[in-house]
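The values are calculated or read from the model by the stated rules, or taken from the named source; none is laboratory data. Since the model is a prediction, treat every value here as computed from it, not as a measurement. Side chains are part of the model used for accessible areas, which takes the heavy atoms of the whole protein and leaves out ligands, DNA and RNA. Shrake-Rupley method; radii C 1.70, N 1.55, O 1.52, S 1.80 Å.
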Amino acid sequence: CEAGDLLRALGRLLSCSAGWKYLARVVGLCVCMDPQLERFADTLALAGIDITQPFDVRWYNAHAIEHSLPLSPLPTFERPPSDGTLAVLLGNSTALWPAFLRWLAAQPDPESVTDPLDTYTASVISAAVADLTGGARHDIFWVTDSSRLVSMQRVALVSGLCYHDAETQLSIHPAFGAWVAFRAVVVLDAPAARFGDSPPPLVRCLLTDADKASARDAMAAALRASDEANLCTQLHGAKGMERDVRLAWAALRDCVTVGRDHRYSEAQLVYHYTKDREVLMHAMRAQPAAT
């Protein structure tokens with residue numbers, strides 16, 4: 001439908017810094033990135049971190065309180081409440097995979113790199129944040145750090161980036177669909193008043209009735225395949241998932257119609273869920289040689 005086409009187009013715009021500038025110009029919103037933040041987004045996009053979503057910490061903290069979520073508030077650096085506090089959600093689509101493989105191939109001994117994907121994303125994000133802040137106060141909350149839990153899905157929801165499906169807990173991007181992964185939230189000691197006092201409208205439901213029915217079935221199958229007591233470990237732990245469990249959870253993402261053309265490659269999908277080194281090394285060696 002026309003509305004759906006418009007929403008998908010806006011999703012593509014909002015996944016890059018140029019899109020923010022265009023949207024601000026068209027609808028008159030004062031949300032465009034300043035030059036430093038724009039350079040930050042562009043630098044990360046070249047490294048495959050192609051989702052850069054600024055937001056006001058107030059939105060996330062208020063959402064957690066309103067919905068009685070067991071989440072710690074994000075820091076505000078004692079900024080006046082009227083100023084807000086600027087933060088950025090960082091993530092990726094399938095664009096991360098080729099950039100990561102090129103980096104891995106350039107390492108002296110690729111097979112010896114510990115947690116290679118997390119090592120790569122942490123290094124590129126940390127370097128970009130250091131360049132952005134120039135030593136100013138900031139904090140980085142990593143998706144891999146369970147001791148400082150931030151719901152990246154809730155950040156994506158309140159910032160207007162993704163639709164959040166409460167039943168499956170999937171974050172669904174208007175362009176990339178279910179094929180997104182969040183890496184970190186960066187909180188900056190900078191005002192966010194330019195966004196205004198209220199968060200943007202939530203992204204409407206992006207699931208069709210058929211999607212919802214398929215997702216319910218896939219969710220039930222995935223839970224049956226998982227040891228529910230160790231679900232978080234299976235999803236985020238160092239060992240990854242067993243192959244049958246991985247297939248079950250991948251099937252859940254495949255239920256979403258929107259964004260199917262951004263589906264992860266089979267190698268990226270398998271490694272995302274299983275952390276299978278053999279799959280990773282084969283994908284790295286299959287990459288075209290750099291010119």
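Take the alpha carbon atoms of the stretch 254-291, find their center, do the same for the stretch 102-120, and report the distance between the two centers in whole angstrom.
For the stretch 254-291 versus the stretch 102-120, the Cα centre distance is 16 Å.
Just reorder GLU111, GLU38 by solvent-accessible area, largest first, 1.4 Å probe, all chains present.
GLU111, GLU38
What shape does the stretch 75-209 take by its C-alpha gyration tensor, where a ≥ b ≥ c are the square roots of the eigenvalues and a/c under 1.5 counts as rounded, a/b above b/c as prolate, and the rest as oblate?
oblate
Send over a whole-number figure in Å² for the accessible area per residue of the stretch 64-118, probe 1.4 Å.
50
How much accessible surface does PHE176 have with a 1.4 Å probe, in Å² rounded to 10?
Per-residue accessible area (PHE176): approximately 20 Å².
Using a probe of 1.4 angstrom, how much of the accessible area of the stretch 168-219 is carbon and sulfur, in percent?
Reported share for carbon and sulfur atoms: 56 percent.
Report the full-extension gain for the segment THR114 to ARG204: residue separation times 0.36 nm, less the Cα-Cα distance, to one decimal in nm.
28.4 nm
Using a 1.4 Å probe and counting only protein heavy atoms, arrange CYS205, CYS255 so the residue with the most accessible area comes first.
The ranking, largest first, comes out as CYS205, CYS255.
Just to verify a number: what accessible area does PHE55 come out at with the full protein assembly present, 1.4 Å probe, Å² rounded to tens?
So the heavy atoms of PHE55 present about 0 Å² to solvent.
Once ligands and nucleic acids are excluded and a 1.4 Å probe is used, how much of HIS282 is accessible, expressed in Å² to the nearest 10?
The accessible area comes out at roughly 130 Å².
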